[in-house]
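Worksheet: the structure to be examined is printed underneath.
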Amino acid sequence: MNKYELALVVSAKVEDEVREAVVEKAKGYITRYNGNITEVEEWGKKKLAYEIQKMHEGFYYFIQFEADSACPAEVERHVRIMDNVLRYLVVRKDA
């Protein structure tokens, strides 16, 4: 099992319930593909480095998980088309 981190930037224009639902859906994709979530960090609302879809702020989430090598590609495939996700990135964490 490799260690990975999913970084999500969620739109700041949506309500709290919708934002939490987006994060839960992303976590569901990780567990669906045999990933084990170890930690979820919420950084809160931050200013974006540049404008994305006419927005200047977004909510940042970092989800650490352990999974086999096929899981990150599947998670990215699903997160790519999710509503209210401005940016995402899955990276492998070195030991």
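Key figures for this structure:
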{"item": "Count of the range 63-95 residues which are loosely packed, with under 14 Cβ neighbours inside 10 Å, under 16 Å from V10 (Cβ atoms) and of a type outside the set (D, E, K, R)", "result": "2"}
{"item": "Scope the range 1-12; condition open to solvent by 20 Å² or more (accessible area, probe 1.4 Å), at pLDDT 95 or above and over 16 Å from T31 (Cβ atoms); matching residues", "result": "A7"}
{"item": "Test for E39: is it charged (D, E, K, R) and assigned to a helix (DSSP H, G or I)", "result": "no"}
{"item": "Where a residue in the range 43-55 is without any contact (Cβ under 8 Å) to a residue 60 or more places away in the chain and over 14 Å from V14 (Cβ atoms) and its partner, wherever it lies, is open to solvent by less than 100 Å² (accessible area, probe 1.4 Å) and charged (D, E, K, R), with Cβ under 7 Å and at least six apart", "result": "K46/E57; K47/E57; L48/E57"}
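The values are calculated or read from the model by the stated rules, or taken from the named source; none is laboratory data. If you're wondering where the values come from, they're calculated on a predicted model, not measured in any experiment. Note that each Cβ is placed from the backbone with ideal geometry, even for glycine, and that neighbours are counted across all protein chains shown. What goes into the accessible areas is simple: the full protein's heavy atoms, side chains included, and nothing from ligands, DNA or RNA. Shrake-Rupley method; radii C 1.70, N 1.55, O 1.52, S 1.80 Å.
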